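The values are calculated or read from the model by the stated rules, or taken from the named source; none is laboratory data. These numbers were taken from a predicted model, which means no experiment stands behind them. Virtual Cβ from ideal backbone geometry, glycine too; neighbours counted across all protein chains shown. Each accessible area value is taken on the protein alone, full model and side chains, heavy atoms only, with ligands, DNA and RNA left out. Shrake-Rupley method; radii C 1.70, N 1.55, O 1.52, S 1.80 Å.
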Amino acid sequence: VLAVPVLFKQALENTELEEGKSVSLRCELTKADATVVWKKGEAPLQASAKYEMKQKGTVAELVIHNAEPEDA
């Protein structure tokens with residue numbers, strides 16, 4: 001049985017915001033509830049007070065609270 005690959009229907013877009021604000025990054029996938037791992041460089045991000053991960057159907061979202069220049 002061949003597995004159908006999960007692809008991006010809508011990829012992430014660059015976002016600019018003021019330091020200290022929250023930002024929401026979203027992408028849309030071709031398959032609902034696919035496993036999504038958010039990374040900064042090669043390091044996977046963990047859910048915390050700073051990073052909030054959400055997923056509903058085909059839309060995966062990362063919210064970064066209190067954004068800093070290091071979050072770029």
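Identify the single condition in (1) in a loop (DSSP other than H, G, I, E, B); (2) over 20 Å from Ala72 (Cβ atoms) that Gln55 does not satisfy, given that it satisfies every other one.
For Gln55, the exception is condition (1).
Take the residues in segment 31-46 that are of a type in the set (Lys, Arg) and in a strand (DSSP E or B); name whichever of them is modelled with the highest pLDDT.
Going through the qualifying residues, I end up with Lys39.
Kindly indicate whether any position in segment 21-30 is part of a loop (DSSP other than H, G, I, E, B), surrounded by 11 or more Cβ atoms within 10 Å (Cβ to Cβ), in contact (Cβ under 8 Å) with a residue 24 or more places away in the chain and of a type in the set (D, E, K, R).
Within segment 21-30, none of the residues are part of a loop (DSSP other than H, G, I, E, B), surrounded by 11 or more Cβ atoms within 10 Å (Cβ to Cβ), in contact (Cβ under 8 Å) with a residue 24 or more places away in the chain and of a type in the set (D, E, K, R).
Being under 15 Å from the mean Cα position of the chain (by Cα) and charged (D, E, K, R): is that true of Lys39 here?
In short, yes.
Against the definition (in contact (Cβ under 8 Å) with a residue 12 or more places away in the chain, open to solvent by 50 Å² or more (accessible area, probe 1.4 Å), of a type in the set (A, V, I, L, M) and part of a loop (DSSP other than H, G, I, E, B)), how does Ala49 come out, yes or no?
Answer is yes for this residue.
Test of understanding: among Glu70, Glu42, Glu13, Glu19, which residue is touching a helix residue (DSSP H, G or I) at 6+ places or on another chain (Cβ under 9 Å) and either of a type in the set (Asp, Glu) or at positive phi (or both)?
Glu19 is the lone residue from the list that is touching a helix residue (DSSP H, G or I) at 6+ places or on another chain (Cβ under 9 Å) and either of a type in the set (Asp, Glu) or at positive phi (or both).
Would you be able to tell me the number of residues in segment 1-20 that are open to solvent by 70 Å² or more (accessible area, probe 1.4 Å), in contact (Cβ under 8 Å) with a residue 24 or more places away in the chain and in contact with an Asp or Glu (Cβ under 9 Å, 6 or more places away or on another chain)?
Selection size over segment 1-20: 2.
Give me a count of the residues in segment 55-65 that are surrounded by 12 or more Cβ atoms within 10 Å (Cβ to Cβ) and under 16 Å from Ala11 (Cα atoms).
The total comes to 7.
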